[in-house]
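The values are calculated or read from the model by the stated rules, or taken from the named source; none is laboratory data. Model, not experiment: these values are computed from the prediction. Please note: Cβ atoms are built from the backbone with ideal geometry, for glycine as well, and neighbour counts cover all protein chains shown. Accessible surface is based on the protein model in full, side chains and every heavy atom, while ligands, DNA and RNA are left aside. Shrake-Rupley method; radii C 1.70, N 1.55, O 1.52, S 1.80 Å.
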Amino acid sequence: MSALVKICGMSDEASVRAAVAAGADYLGFIIFPKSPRGVSLAEAASLSALKGSAKSVAVLVDPDDALLGQVLRVLSPDIIQLHGQESPERCLDVRNYAREGVWKAVPVSGAADVARARRYAGFADALLFDAKPPAGADRPGGWGEGYDYSLAKGIDALPFILAGGLTPDNVADAIAASGAMAVDAVSGVEREPGTKDTAKIAAFVLAAKRGTAG
């Protein structure tokens, strides 16, 4: 079974069309001003209209109820990905604002981080394992850093998406090492932070779909 693929940080029409044409399963829209890939809700909604059969993912960082209400009204995402310090109980609350569920991002640098992620079982619909940001970082993800992807192998609490430093060159090996059924690319398919490379998007999706999951 080929892995599901999310291309995150979509911010322009050409990149969305390239991801859809390549067969991406999810398109991520970052609603967080500090990110170089951040877009407004209106921009995300306009781009999401081009998603075809792909599913939209609103990436939020510790959103309050007012923002969640705006996200629901303007974007109506399939998935909400929480990338802040949200508790398991908060994940359950946020389910009311997404059509299909909530993913919780978990920063990983060691086995203990993966083990602690089990507390989200029953509260989030899936985990997204990402590399821990560097000290003093002003945003929680998108730094292009990798980690030992095999740390995720065998977790049985929730389905998981593998993220953090994935590129067209390493994604197949990362899938084999982790057993991931889904992967997420951000900086690995860019020319520079915030600017996607359509050729890299196509290459990433192809490499991930050819990778062996499980």
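Ligands, DNA and RNA are left out, and with a 1.4 angstrom probe the accessible area of segment 19-160 is 44 Å² per residue. Averaging the Cα positions of each part gives two centres, and for segment 155-214 and segment 36-56 these lie 20 Å apart.
Listed highest first by mean packing, meaning other Cβ atoms within 10 Å per residue, what order do 32-40, 203-211, 66-74 come in? Before the final figure, lay out the partial values.
Working: 32-40: 17.0, 203-211: 21.0, 66-74: 15.0.
Highest mean packing first, the order is 203-211, 32-40, 66-74.
Note on the chain: Cα Rg divided by 2.2 N^0.38 Å, N the number of residues, gives 0.92. Distance from the Cα centroid of segment 61-84 to that of segment 9-24 is 21 Å (rounded to whole angstrom). Taking amide H positions as modeled 1.01 Å from N, with prolines and chain starts lacking one, the residues under 5 Å from Leu4 and 5 or more places away or on another chain are Ala182, Val183. The longest part of the chain holding none of the exposed loop GluC sites (Glu not before Pro), meaning those outside H, G, I, E and B in DSSP with at most 16 other Cβ atoms within 10 Å, is 1-99. Expressed as a whole percent, the accessible area of the chain that falls on carbon and sulfur atoms is 51 (1.4 Å probe).
Ignoring lysines fewer than eight residues from Lys132 along the same chain, the ones with Cα atoms less than 28 angstrom from its Cα are Lys6, Lys34, Lys55, Lys104, Lys153, Lys196, Lys200, Lys209.
Over 21 Å apart: what share of the alpha carbon pairs of segment 3-89 falls there, rounded to a whole percent?
That tail contains 24 percent of the Cα-Cα pairs.
Considering segment 25-72, its Cα convex hull presents a mean projected area of 3.4 nm². Based on DSSP, what percent of beta bridges with both residues in the chain are antiparallel, to the nearest 5? Bridges in the chain that DSSP calls antiparallel: roughly 5 percent.
By the helix-only formula, in which each DSSP H run with n ≥ 4 contributes -39500 (n - 2.57) and the sum is divided by residues, the chain has a 222 nm mean residue ellipticity of -8000 deg cm²/dmol.
Residue-wise HN-Hα couplings along segment 3-19, as the Karplus relation 6.51 cos²θ - 1.76 cosθ + 1.60 with θ = phi - 60° gives them from phi, are 6, 7, 10, 10, 9, 10, x, 6, 9, 8, 5, 4, 5, 4, 5, 5, 5 Hz; Gly and Pro carry x.
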